[in-house]
1. How high is the FRET efficiency from Ala43 to Glu181, r the C-beta distance, R0 25 Å, rounded to 0.05?
2. Please report, as a whole percent, how much of the solvent-accessible surface of the range 37-191 comes from carbon and sulfur atoms (probe radius 1.4 Å).
3. Rolling a 1.4 angstrom probe over the protein heavy atoms, how many square angstrom per residue are accessible across the range 33-191?
4. So for the pair Ser50, His92, with labels modelled 7 Å out along Cα→Cβ, what separation do we get in nm?
5. Could you tell me the center-to-center distance, by alpha carbons, between the range 68-99 and the range 141-191 in angstrom?
6. With charges only on Cβ, +1 for K and R and -1 for D and E, what is the dipole size of the range 83-191 about its Cα centre, in debye, rounded to 20?
7. Using helices alone, I'd like the mean residue ellipticity at 222 nm for the chain: each DSSP H run of four-plus residues gives -39500 (n - 2.57), total over residue count, nearest 500.
8. Given that just one value was derived from the coordinates, which of (i) 16.7; (ii) 18.1; (iii) 19.0 is Kirkwood radius over Cα pairs in Å?
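The values are calculated or read from the model by the stated rules, or taken from the named source; none is laboratory data. Only a predicted model underlies this, so the values are computations on that prediction, with no experimental measurement involved. Note: ideal-geometry Cβ built from the backbone for every residue, glycine included; neighbour counts use all protein chains shown. Side chains included, ligands, DNA and RNA excluded: accessible areas come from the protein's heavy atoms. Shrake-Rupley method; radii C 1.70, N 1.55, O 1.52, S 1.80 Å.
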Amino acid sequence: MREVRRRFHEELRALEGEVQQTGTQAQLLLERALQALARGDPAICDEVISGDDEVDQLYLDVERRILHLFALQTPVASDLRLLTALLHINLHLERIADQAVNLAKITKLAHGLPPNPTVLQHLGEMGAIALGMVGAAMAALARRDLELARNLPEMDDPLDRLNRGMLQLVLAASDDKRVLEWGIRMYVVSR
């Protein structure tokens, strides 16, 4: 029985490591998508889009392994809470990678349109906050830092403020139809 529990806990540690790896990859894709946006670089966009396959594969592997442990080990108490948390975190990390892909696709669509530097600056600030939040969330998981995890909603407040002001920035450039078209696409990125 002890051997079974030892293997179970080894698998739990391995799963948590893989979730951390998924977090690192999702964060990297978001960072690259933000670079593509700042530079208006379609090649980086393509890199982000193709990089999503790795995150998708990690996501599916973690989900499969967690469900396998649920089915075969019937975890209880703290192990059950950890597995449930890893399943939930894994899903959200995959969504972050998907959002990075969406950002890259919109950046590609906006390529060739004249950008608004103020909107780009705000999007850059929003991206930096989002990257910081992902990093903080992954650090909170790794260290079991409840206080850091509880601070995450407050870290989101500046992001919300910047997002609420984005429409006004986009509309301020409405004299030039091409800048407005670019701005509308960036408003979607902001959301």
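1. Once the sixth-power term is evaluated, E becomes 0.65.
2. Here it works out to 58 percent.
3. Dividing the accessible area of the range 33-191 by its residue count gives 55 Å².
4. Once both label points are built, they end up 3.1 nm from each other.
5. Here the two parts' Cα centres lie 28 Å apart.
6. 280 debye
7. On the way: 6 runs with 172 residues, N = 191.
Dividing the helical sum by the residues of the chain leaves -32500 deg cm²/dmol.
8. Of the listed options (i) 16.7; (ii) 18.1; (iii) 19.0, (ii) comes from this structure.
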